[in-house]
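Working notes, beginning with the structure itself.
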Amino acid sequence: MGGFGSGRQSQRATTEELQMIDIRVWHREGLLIPGIRFQNLWHQFPTNTGYADVKVHRNCVQICRPKNFADRSAGIIDYTVSIDRTPCHFGGTRPWFICPNMDCGHRVAILYADSIYACRRCYDLAYQSQRESASDRAERQAAKIRRRLGWDPGIFDAEGGKPKGMHWKTFDTLCDRHEGYTHAAALDILALLKIV
Ligand SMILES: [Zn+2]
């Protein structure tokens, strides 16, 4: 799954903002019959109006949709999503999507589409790892400045003084940058802990 979760450095769309397909709805509407083609529409005005063409096969569905609904020349995304069925208590079967993310493969009722289709858990994990890497970057930069200033290594440790021989202007600039990085790292950590 090349590029999974990439391209969103700042804020991830919430699951409400992502395009969503729900296999329970398709099942309820009697659409999961091999050979049937239908269009799944989204009407979440104004930003999320779009569609996907769906073709139903025996054990999978083929889903085609424009990469970018605002720019149709950007090409299409053609996805095949496997379907699994589990027996119901009172007879019949219940269909599930198999999450197409190869690291996942869970049975789910809902898939979300951003750059790819994946389950909510996958999007959450991608989000977390992105947040962690942003925080790591800020920490690394802060640690580099602390080394240059000869301060204790922990980025949340107390700040030290100006090293001998360093110009005050350089020292002030480094202190400002250090503060920016520690602030960014702290915010990321707080966000991960869901405090802010
Ligand atoms: Zn998944």
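Throughout, read-outs are computed from the coordinates displayed, never taken from laboratory work. Small disclaimer: the values here were computed from a predicted structure and weren't measured. As a convention, Cβ positions derive from the backbone with ideal geometry for all residues, glycine included, and neighbour counts pool all protein chains shown.
Using C-alpha pairs below 8 Å separated by at least 6 residues, the relative contact order for the range 78-196 is 17 percent. Counted residue by residue at 0.36 nm each, then reduced by the alpha carbon distance between them, the extension gain from PHE156 to CYS175 reaches 5.5 nm. A convex hull fitted to the Cα coordinates of the range 104-172 yields 124 cubic angstrom per residue.
Among MET20, MET166, MET102, sorting on how many other beta-carbon atoms sit within 10 Å of each Cβ, with the fewest leading, yields MET102, MET166, MET20.
Exposure proxy ranking for TYR79, TYR117, TYR112, based on other Cβ atoms within 10 angstrom of each Cβ and starting from the fewest, stands as TYR79, TYR112, TYR117.
Simple spin-label estimate for ALA74 and ILE36 gives 3.0 nm between the two label positions (7 Å along the Cα-to-Cβ direction from each Cα). Extension gain for the segment ARG58 to ARG120, taken as residue separation times 0.36 nm less the Cα-Cα distance, is 19.8 nm to one decimal. D for the range 46-106, whole µm²/s, Stokes-Einstein with Kirkwood Rh over alpha-carbon pairs at 37 °C and 0.692 mPa s: what number? Once the numbers are plugged in, D ends up at 241 µm²/s. With the simple model of a label 7 Å out from the Cα in the direction of the Cβ, LYS144 to SER82 spans 4.3 nm.
Sparse packing (at most 13 other Cβ atoms within 10 Å of the Cβ) combined with a DSSP loop state is found for the following chymotrypsin sites (Phe, Trp or Tyr not before Pro) in the range 122-163: PHE156.
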